[in-house]
Amino acid sequence: MAQPGVLMTKEPAPQSVPASDLPMKLSEVALNTGAYSSSGLATAGFRTAKYLPGEWHQSNYDMYHKAFAGCKQGEHDRAEAKDLAEYTAQRAQCAQQDSTTALGHRLQNTHFWKSELQKEIEDLDAETNLLAAQKLRLERALDATEVPHAIATDNLQCRERRQPPDLVNDEVERELLKEAELIRNIQELLKRTLMQARNQMQLNRDHKEICERDWSDKVETYNIDDKCGRYNNQSTNVQFHPNSVKFEESASTPETWAKFTHDNIYRAEREKLASGNLRVLIDNILHDVSEDLRRQCDTVNEAFAKRCEELEDTKHKLEYHLKNVLREIGAQEANIAALKQAIKDKEAPMKVAQTRLYDRSFRPNVELCRDEAQLSLISEVEELTESIAALKKKLMESEQTLRNLEDTRMYLEKDIAVKKNSIFIDRQKCMAHRTRYPVALKLAGYQ
């Protein structure tokens, strides 16, 4: 708007005129122009740059009105600003209290899961230590089976040095083969169980590590939220972070956050249960293994004792028969000597009888008679010949019997030697070696 009294080079812009003042303006314009004008054409240029008194009054009225309206509007704006400031301050305080409360609830949730994770970590660590102890028992039991295996193998090899006819597949042999097979099966079982225990321990450590990482994140989060919960309007270590008011694309929701930890604990509990079941299985296996080995050891020992008893009994019988055979050999040798003496004793009577017959054969002529004396001599010679023949036949029979007795003696002595060798192998070698068989506690992995 142009100011009054200022010379304008251009015509002023048209002014808005109230409808009530329109007749007056038109009359004034009629009076100041035309035939009624007092200034004439000479003052026309000065009139165009100035306001009329009515316009001046109207302009002041408008200014007063605007000033009054501005004051009213300012008061209204100040009242609204005050109310808005109080409202926003109240809202900010409520929002901060709600955030603090939410942080408190979040701290409780975080502390709960952190405590659960810590308990699970401790339980897994304790379970892993218990499983490690069972694994050590398995290793000890596996090492302990080497001694029974060596004993059984050595027994079988020693018994291969038995001599016929004692080189027989007897009860001891069968039980030793059964024992060797049992030990091999047990060793395979222990090796498989040991591998299973190692794998389970690795799974326990892996899940413990997962829980530890989750627990570490929970601890760090708890410290962060605890620090955030302690912030207030009087804190000096707060500042603006405009870009922090956004959600990360990788951020989790409360449901997925709780599910993540719950799943970790669930898997850890599952592995802990599997580890506990494996420990029970290992304990049962070691108990059964030790009992089976000791039972088979006792069976083999009983078979050895029974076999040694049989060998001893057989040896005693053979020695008894050998004693009889030796006595019979002595008697037969004496009998042969007596027969030889008897045959020798028949030589003199035979000589006498034959000499008599020979001499009487020189009797002359009719004197060469078959008298009673001649017949008696002939009968005597025949009788002596038959006696000598019978004695020689008996001597041959006795000598054959003696040879048979000698063979029997040789067989008996050889068999007795074989029995002694078998007894030495079974008793001095095998049974003496079996005294080093591990006890049940060692086979169960306790030693």
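The values are calculated or read from the model by the stated rules, or taken from the named source; none is laboratory data. Computed from a predicted structure; not experimentally measured. Cβ sites come from the backbone with ideal geometry, for glycine too, and all protein chains shown count toward neighbours. The accessibility values were calculated without ligands, DNA or RNA, using every heavy atom of the protein model including side chains. Shrake-Rupley method; radii C 1.70, N 1.55, O 1.52, S 1.80 Å.
Express in nm, to one decimal, how much length is gained between F240 and Q58 on full extension, taking 0.36 nm for each residue of separation and deducting their alpha carbon distance. Before the final figure, lay out the partial values.
Details: separation 182, 0.36 × 182 = 65.52 nm, distance 5.32 nm.
Gain on extension, F240 to Q58, equals 60.2 nm.
The listed peptides 265-274, 355-364, ordered by packing as a protection proxy, come out as 265-274, 355-364 (highest mean of other Cβ atoms within 10 Å first).
Please work out the average accessible area per residue across segment 323-440, using the 1.4 Å probe convention, and give it in Å². Could you put the intermediate results ahead of the total?
Working: 7860 Å² over 118 residues.
So segment 323-440 comes to 67 Å² accessible per residue, rounded to a whole number.
A simple count of charges around K272, restricted to other residues whose Cβ falls under 14 Å of its Cβ and scoring Lys, Arg +1 and Asp, Glu -1, yields -3. Just to verify a number: FRET efficiency for D77 and A132, C-beta to C-beta distance, R0 = 51 Å, to 0.05? That gives a FRET efficiency of 0.05. Sequence-ordered 3J(HN,Hα) estimates for segment 145-162 from the Karplus curve with 6.51, -1.76 and 1.60 and θ = phi - 60° stand at 6, 5, 5, x, 5, 5, 5, 4, 5, 5, 4, 5, 5, 5, 6, 5, 8, 5 Hz, glycine and proline given as x.
Projecting label points 7 angstrom from Cα along Cα→Cβ for M410 and E372 puts them 5.8 nm apart.
Kindly state, to the nearest 0.05, the FRET efficiency for W257 paired with H287, given R0 = 41 Å and r defined as their beta-carbon distance.
0.35
Please sort 231-241, 142-152 by packing, taking for each peptide the average over its residues of neighbouring beta carbons within 10 angstrom, highest first.
Sorting 231-241, 142-152 by mean packing, highest first, produces 142-152, 231-241.
Protection proxy ranking for 76-88, 202-214, 380-392, using the average of other Cβ atoms within 10 Å per residue and placing the highest first: 202-214, 380-392, 76-88. At an R0 of 56 angstrom, the distance between the Cβ atoms of A150 and A337 translates into a FRET efficiency of 0.40. Contact order for segment 323-440, expressed relative to its length and based on alpha carbon pairs under 8 Å spaced 6+ residues apart, stands at 41 percent.
Computed with a 1.4 Å probe on the full set of protein chains, the accessible area for W56 sits at about 130 Å².
Below 15 angstrom from the Cβ of R106, what's the summed charge of the other residues (Lys, Arg +1; Asp, Glu -1)?
Working: positive: K114, K218, K227, R230; negative: D98, D217, E220, D225, D226, E255.
That sum, taken over residues with Cβ under 15 Å, equals -2.
A simple rule links phi to the HN-Hα coupling: the Karplus curve 6.51 cos²θ - 1.76 cosθ + 1.60 with θ = phi - 60°, which for segment 212-223 gives 5, 5, 5, 5, 4, 5, 5, 5, 5, 5, 4, 5 Hz, with x for Gly and Pro.
Once the Cα-Cα distance is subtracted from the 0.36 nm per residue extended length, the D359 to A67 segment shows a gain of 84.2 nm.
The length gained on full extension between D123 and L84, counted as 0.36 nm times the residue separation minus their Cα-Cα distance, comes to 8.3 nm.
Can you tell me which of M350, M201, M410 moves the most in a GNM of the chain? Springs connect C-alpha atoms under 10 Å apart. Of M350, M201, M410, the Gaussian network model singles out M350 as fluctuating most.
Rounded to the nearest Hz, the phi-derived 3J(HN,Hα) couplings of segment 99-106 under the Karplus curve 6.51 cos²θ - 1.76 cosθ + 1.60 (θ = phi - 60°) are 5, 5, 4, 4, 5, x, 4, 5, where x marks glycine and proline. What is the Cα centroid distance between segment 390-404 and segment 112-146, reported in whole angstrom? Their Cα centres are 87 Å away from one another.
What does the charge add up to near Y446, with Lys and Arg as +1, Asp and Glu as -1, over the other residues with Cβ less than 9 Å from its Cβ? List each step's numbers first, then the result.
Details: positive: R137, R140, K442; negative: none.
Net of charged neighbours comes to +3.
Which residues does the label zone of K351 cover in segment 361-376, counting backbone N under 17 Å from a point 7 Å along Cα→Cβ? Once the point is set 7 Å along Cα→Cβ of K351, nothing inside segment 361-376 turns out to lie under 17 Å by backbone N.
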